[in-house]
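*Asks:* The following block contains the structure, expressed as structure tokens.
The values are calculated or read from the model by the stated rules, or taken from the named source; none is laboratory data. Note that this is a predicted model, so its numbers are computed, not measured. Neighbour counts are summed over all protein chains in view; Cβ atoms, including those assigned to glycine, are modelled from backbone coordinates with ideal geometry.
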Amino acid sequence: MSTATYRNHPPTSPPAVLVTGGGVRLGAALCTAFARAGWHVVCQYRHSGTAALALCERLRAEGHLATPLDGDLTTDAGRDALMDAARAVAGPLRCLVNNASAFEPDTGASFDTHLARRQLEVNLIAPLALGRRLAADWPAHEDEAAHGSASIIHVLDQKVYNLNPDYFSYTLTKLALERAVALQAQALAPRVRVCGVAPGLMFLSGPQSPENFERASRVNLLRRPIDPADVARTCLFLAETGGLTGTTLCVDNGQHLVPLARDVMFAVDSGHPPLMP
């Protein structure tokens, strides 16, 4: 772990949040929600640099604090370098939103160890390693009530409550991360809270066509597409509500309550559409 010296940030500095995979899709909604709520957003990107830089420029033009950082989540060295850089630009992080995710298709029958390890690094090991660093870096305060706790938010997937065997390795990594919410909350208390948010289908995914997405996005109890802004607002709520830890909120329009034998993108084209209540 780095022992680099960072500049001092005054007590009045805005709270800092690191959003992994912050440049596009849900990550962009997360960065926007936190920035507009007065947080200094550190937007980590790896392959979406153009989008991340443009997003941060737009947020700064609105008068908010937003800093893009290129960071490698697949190695210990890359993760430590990212946390060093985030603290250097924003001070000790009050919140970490583990949004970045590797999502690659496989099944139990086609299980590939190399593909599984790549997803494991990003989807499970990186969130836990970054969380460890946040806890180590968060300063101890004599008056915990006045300063509050830091928080970690793991972005999960409604699939962890609505299992089907598609995207086998991805699902396993998210299942492990869902179990880690409670374990990490116990391990890092009382100075760090840990929560999860489990969204449903929000964006075109994998091999989906726009037509498939339009149908699949309505396979939930509310029969309408999930708004990424709802998920972002939920993460902000979790970060700013000091009494919440060790819990996960499903923000999926009830998608996890509609059991499917296949992933929803395949189920709607199977000739056997899912039964809706």
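*Asks:* Going by the conditions given, is L53 more than 24 Å from V264 (Cβ to Cβ) and either of a type in the set (D, E, K, R) or buried (at least 20 other Cβ atoms within 10 Å of the Cβ) (or both)?
*Replies:* So L53 does not fit the description; no.
*Asks:* Give the range 66-97 a look and list any residue that's within 21 Å of A51 (Cα to Cα) and either polar (S, T, N, Q) or in contact with a Pro (Cβ under 6 Å, 6 or more places away or on another chain) (or both), or say none.
*Replies:* Answer for the range 66-97, where residues must be within 21 Å of A51 (Cα to Cα) and either polar (S, T, N, Q) or in contact with a Pro (Cβ under 6 Å, 6 or more places away or on another chain) (or both): T67, T74.
*Asks:* Return the residues of the range 211-257 that are under 16 Å from S149 (Cα atoms) and either part of a loop (DSSP other than H, G, I, E, B) or in contact with an Asp or Glu (Cβ under 6 Å, 6 or more places away or on another chain) (or both); say none if nothing qualifies.
*Replies:* Within the range 211-257, T241, G242, G243, L244, T245, G246 meet the criteria.
*Asks:* Just wondering, is there one or more residues in the range 111-131 that are of a type in the set (S, T, N, Q) and touching a Pro at 6+ places or on another chain (Cβ under 6 Å)?
*Replies:* no
*Asks:* Also: Go through the residues of the range 125-133 one by one and say whether even a single one is touching a residue at least 40 places away in the same chain (Cβ under 8 Å) and touching a Ser or Thr at 6+ places or on another chain (Cβ under 6 Å).
*Replies:* Checked against the condition, which is being touching a residue at least 40 places away in the same chain (Cβ under 8 Å) and touching a Ser or Thr at 6+ places or on another chain (Cβ under 6 Å), the range 125-133 yields no hits at all.
*Asks:* When you scan the range 150-197, how many residues do you find that are among the basic types (K, R) and closer than 21 Å to R94 by Cα?
*Replies:* 2
*Asks:* Within the range 103-150, restricting attention to residues that are of a type in the set (S, T, Y) and modelled with pLDDT under 95, which residue is farthest from L183 (Cα to Cα)?
*Replies:* Ranking the qualifying residues of the range 103-150, first place goes to S110.
*Asks:* Name the single residue, out of those in the range 234-264 being modelled with pLDDT of 95 or more and among the small types (G, A, S), that is surrounded by the fewest Cβ atoms within 10 Å (Cβ to Cβ).
*Replies:* The qualifying residue surrounded by the fewest Cβ atoms within 10 Å (Cβ to Cβ) is G243.
*Asks:* Among the candidates R60, R118, R25, R132, single out the residue that is under 14 Å from the mean Cα position of the chain (by Cα) and surrounded by fewer than 23 Cβ atoms within 10 Å (Cβ to Cβ).
*Replies:* R25
*Asks:* Among the residues of the range 47-91 satisfying the criterion of being in a loop (DSSP other than H, G, I, E, B) and either modelled with pLDDT under 95 or in contact with a strand residue (DSSP E or B) (Cβ under 7 Å, 6 or more places away or on another chain) (or both), which is farthest from V122 (Cα to Cα)?
*Replies:* So, considering only residues that are in a loop (DSSP other than H, G, I, E, B) and either modelled with pLDDT under 95 or in contact with a strand residue (DSSP E or B) (Cβ under 7 Å, 6 or more places away or on another chain) (or both), the one farthest from V122 (Cα to Cα) is G91.
*Asks:* In the list V231, V192, V197, which residue meets the criterion of being of a type in the set (V, I, T), within 14 Å of the chain's Cα centre (by Cα), crowded, with 18+ Cβ neighbours inside 10 Å and within 19 Å of L134 (Cβ to Cβ)?
*Replies:* When all the criteria are applied, what remains is V197.
*Asks:* Does A100 fit the bill of being modelled with pLDDT of 95 or more and in a helix (DSSP H, G or I)?
*Replies:* For A100, the condition - modelled with pLDDT of 95 or more and in a helix (DSSP H, G or I) - is not met.
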